[in-house]
Amino acid sequence: MSRFGIVVLDTQATAVERADLGPEATNLRLTTVLPGGCGECSFRVRAPIRFVPVWAGLNYEVRLLDGTEVFWSGRMERIIPH
């Protein structure tokens, strides 16, 4: 469970998941780069086998929220089923 709120937006900046993914996310890891800002972020969310969730799409925007502020923002590059 992540203490950050996790919001995913599609390539048209429309939210693809109404619920916050933060409570479902585990193993959250993120980096920042100085100077520059946001680095990499990874987390796990359980999903049924052979099912790609609607919110998992290449180049979708991921935002981590700390309260109401965006703490980290980036784009999905890899979706790895385990």
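The values are calculated or read from the model by the stated rules, or taken from the named source; none is laboratory data. Keep in mind it's a predicted model, so treat the numbers as computed, not measured. Backbone-built Cβ (ideal geometry, glycine too); neighbour counts: all protein chains shown. These area figures cover heavy atoms from the full protein model, side chains too; ligands, DNA and RNA do not enter into them. Shrake-Rupley method; radii C 1.70, N 1.55, O 1.52, S 1.80 Å.
Give, as a single signed number, the net charge of other residues whose beta carbon lies under 10 Å from the beta carbon of Trp72, with Lys and Arg counted +1 and Asp and Glu -1.
Charge balance in the 10 Å sphere: -1.
Averaged across orientations, what area in nm² does the convex hull of the alpha carbons in region 17-62 project?
For region 17-62, the mean projected area of the Cα convex hull comes to 4.0 nm².
How many Å² of accessible area per residue for the chain, probe 1.4 Å?
Heavy-atom accessible area per residue stands at 77 Å².
In whole percent, and with a 1.4 Å probe on the protein chains, what portion of the accessible area of the chain is carbon and sulfur?
52
Dipole magnitude of the chain about its Cα centre, charges +1 at Lys/Arg Cβ and -1 at Asp/Glu Cβ only, in debye to the nearest 20?
Here the chain has a charge dipole of around 300 debye.
Would you please name the chymotrypsin sites (Phe, Trp or Tyr not before Pro) within region 16-58 that are DSSP coil residues with at most 11 other C-beta atoms within 10 Å of their C-beta?
Phe51
Direction-averaged shadow area of the convex hull around the Cα atoms of the chain, nm²?
5.6
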